[in-house]
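Values quoted throughout were computed directly from the atomic coordinates according to the rules given, and no laboratory measurement underlies them. Not measured: the values here are computed from a predicted model. A quick note on method: Cβ atoms are made from the backbone with ideal geometry, for glycine too, and the neighbour counts reach across all protein chains shown.
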Amino acid sequence: MKDLPRITEIIKIEPFKITCRWTTGEVRVNDLEPEFEKWEESGRNFIMPLKEYENFENVVVKDGTLQWPSVEISYTDLNGITQSQALDFDPDVLYRESKSLSVYKLVMNVAKLSKKKAMA
């Protein structure tokens, strides 16, 4: 079985986008800003501290995924005991929802080109 992609390093953090290198060698971008509204509507309010950039930028790589040690979440385990842990995301979901840096730059360059044409 092929190893599943995992994050090896964070390359860049900007408002609500994180660019990471993966075990596949790829550099991919996760833009989390569009997800905030979906999370809020679905009742995942425990994620909402990430809307504050001061919390968002304090992300680290741990166990191949993104983790926010300053954002604690609580849950009740199968034994009925309340547990707390740092917020992290499923790395498989992060990989699936990320975009290749090359695609991301291509989209940005097309947008700039269209703007230049409109100004001419």
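List of remarks:
- Consider the range 68-103 and keep the residues that are of a type in the set (A, V, I, L, M, F, W, C) and over 18 Å from the mean Cα position of the chain (by Cα). The one that is surrounded by the most Cβ atoms within 10 Å (Cβ to Cβ) is 81.
- Residue selected from the range 1-26 under the condition outside any strand (DSSP E or B) and among the hydrophobic types (A, V, I, L, M, F, W, C), by the criterion surrounded by the fewest Cβ atoms within 10 Å (Cβ to Cβ): 1
- Tally of residues being closer than 25 Å to residue 76 by Cα and either in contact with a Gly (Cβ under 9 Å, 6 or more places away or on another chain) or of a type outside the set (A, V, I, L, M, F, W, C) (or both) across the range 38-60: 10
- Selection of the range 27-47 for residues being part of a helix (DSSP H, G or I) and within 12 Å of the chain's Cα centre (by Cα) yields 33, 34, 35, 36, 47.
- Residue 50 in a strand (DSSP E or B) and either among the charged types (D, E, K, R) or surrounded by 14 or more Cβ atoms within 10 Å (Cβ to Cβ) (or both): no
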